[in-house]
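Visitor: Sending over a structure as structure tokens; questions will come in a sec.
The values are calculated or read from the model by the stated rules, or taken from the named source; none is laboratory data. All figures in this text were calculated on a predicted structure; none of them were measured in a lab. As a convention, Cβ positions derive from the backbone with ideal geometry for all residues, glycine included, and neighbour counts pool all protein chains shown. Please note that ligands, DNA and RNA were not included when accessible areas were found on the heavy atoms of the full protein model with its side chains. Shrake-Rupley method; radii C 1.70, N 1.55, O 1.52, S 1.80 Å.
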Amino acid sequence: MDPNAELVPPAHLTDRDAGEWVWLQKKRHGTKIAERLLDMARKDHVTGEHLLTACLAVAASVINPSSRLARRAVSVASKLATVKPKPSARGFSYAIRTSVRRGLLPETHEIVAMLLRHDIPISSDVHAELLKLYCEHGMKSESLDLWNEIYESPEEPRNWAVGDATSTVLASEQLALTFAEASKLFDKMTACRSRPTPIMWLGLSRAAGRHPEQQPRLSDAIFKRMADHQLLPTHQQYAMLLESLVQSKGLDAARRYAAGRDLQCASALRCLEEAQARQS
């Protein structure tokens, strides 16, 4: 008897119901079922938009997918592109998410090319997943170009797409944006979103930290902008600033800066002093 027989959706199910059936198999068999379901999808044991999308979604739900699983997801995404009526980009976003988790840049580009080849609009979540991969690989020009593409897209929910993209780029250590580059992104973002996310402020502070001599002035400018939004600098933001001051001007300079400021700054200074004491 075929060991996969019990995993083939019953013939009487509609495509949508068969998609639900896939999720039920995952609950019963765990995440290992993703690879077997994708194998069946590649071998024409399962067909239909909802069923194929469910297989990709199950694959994307695996926290640490294998490279083999990610490549099989690409193969199933290719099959999904031929389904009629033309599917949305949602199913492809699952395959991209799986590929991104394994850092498979060629495979991810293959899915994006597939979407363009079949005139399937690239959704904001697909853009966001691709952007994360660009950031991880330190692809600065590609990341900024893609960020602008997301920013210009009229797709809803636009604010979510732009906010997620901006946060990802600003927070990326691999891209190492200059303060001027980070500020440009930040300003474009705040033009369409009234309240920047905490990670955006943190990303802006990290960019300021790449200019040690200018960091106190740049950080004060950031903190003033935060005050306009009724926000106070975080412990982490103060810690980055004080550490930079210690490296460039010494511990006394950090103490002078922290004098008379709020409790978060005092706490960051205390942690820094304790770290210095342990090292000496």
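Visitor: Report the relative contact order of the chain, percent, no decimals, based on alpha-carbon pairs under 8 angstrom and at least 6 residues apart.
Guide: The value is 9 percent.
Visitor: In 10 Å bins starting at 0, how do the alpha-carbon pair distances of the chain split up by percent?
Guide: Spelled out per bin, shortest first, that is 6, 24, 24, 18, 15, 9, 3, 0.
Visitor: Return the FRET efficiency for the residue pair residue 253, residue 145: r is the Cβ-Cβ distance, R0 is 51 Å, and the value is rounded to the nearest 0.05.
Guide: 0.85
Visitor: Can you tell me the accessible area per residue over the chain, all protein chains present, probe 1.4 angstrom, in square angstrom? Please list the in-between numbers first.
Guide: On the way: 14070 Å² over 280 residues.
Averaged over the residues of the chain, the accessible area is 50 Å².
Visitor: Name the most mobile residue of 83, 46, 112, meaning the one with the largest mean-square fluctuation, in a Gaussian network model of the chain with Cα contacts below 10 Å.
Guide: Maximum among the listed residues: 83.
Visitor: Next up: Please sort by residue number the trypsin sites (Lys or Arg not before Pro) in the stretch 36-102 whose DSSP state is loop and whose Cβ has at most 13 other Cβ atoms within 10 Å.
Guide: Answer in residue order: 43.
Visitor: Once every DSSP H run of n ≥ 4 in the chain is given -39500 (n - 2.57) and the sum is divided by its residues, what mean residue ellipticity at 222 nm do you get, rounded to the nearest 500 deg cm²/dmol?
Guide: Computed mean residue ellipticity for the chain: -22000 deg cm²/dmol.
Visitor: Further question on the same structure: Given charges of +1 on the Cβ of Lys and Arg and -1 on the Cβ of Asp and Glu, with all other atoms neutral, how large is the dipole of the chain about its Cα centre, in debye to the nearest 20?
Guide: Dipole of the chain, to the nearest 20 debye: 420 debye.
Visitor: Pick out which of 262, 17, 220 has the largest mean-square fluctuation in a Gaussian network model of the chain, springs linking Cα atoms closer than 10 Å.
Guide: In the Gaussian network model the winner is 262.
Visitor: Calculate log10 I(q)/I(0) of the stretch 52-185 for q = 0.11, 0.19 Å⁻¹, where I(q) comes from the Debye formula with a single equal point scatterer on each Cα and nothing for solvent.
Guide: Listed by q, the Debye log ratios stand at -0.38, -1.05.
Visitor: Distance check, please: which entries in 132/188; 26/140; 43/132 exceed 28 angstrom between their Cα atoms?
Guide: Check vs 28 Å cut-off fails for 26/140; 43/132.
Visitor: Normalised radius of gyration for the stretch 220-280, please: alpha carbon Rg relative to 2.2 N^0.38 Å, two decimal places.
Guide: Taking the Cα Rg and dividing by 2.2 N^0.38 Å, one obtains 1.13.
Visitor: Taking the Cα atoms only, what angle lies between the long axis of helix 105-117 and the longest principal axis of the chain, rounded to 10 degrees?
Guide: 60 degrees
Visitor: Roughly how compact is the stretch 132-280, stated as its Cα Rg over 2.2 N^0.38 Å to two decimals?
Guide: Scaled against compact globular proteins, the figure is 1.12.
Visitor: Same structure, new question: Can you tell me, using C-alpha contacts under 8 Å and at least 6 residues apart, the relative contact order of the stretch 39-179 as a whole percent?
Guide: 19 percent
Visitor: Here's a follow-up. Percent of accessible area on the chain owned by carbon and sulfur, 1.4 Å probe? Intermediate values should be presented prior to the final figure.
Guide: Working: 7280 of 14070 Å².
Within the chain, the accessible surface is 52 percent carbon and sulfur.
Visitor: Kindly identify the stretch 72-141 as rounded, prolate or oblate by the Cα gyration tensor criterion: order the square roots of the eigenvalues as a ≥ b ≥ c, call it rounded if a/c is under 1.5, otherwise compare a/b with b/c, prolate if a/b is larger, else oblate.
Guide: prolate
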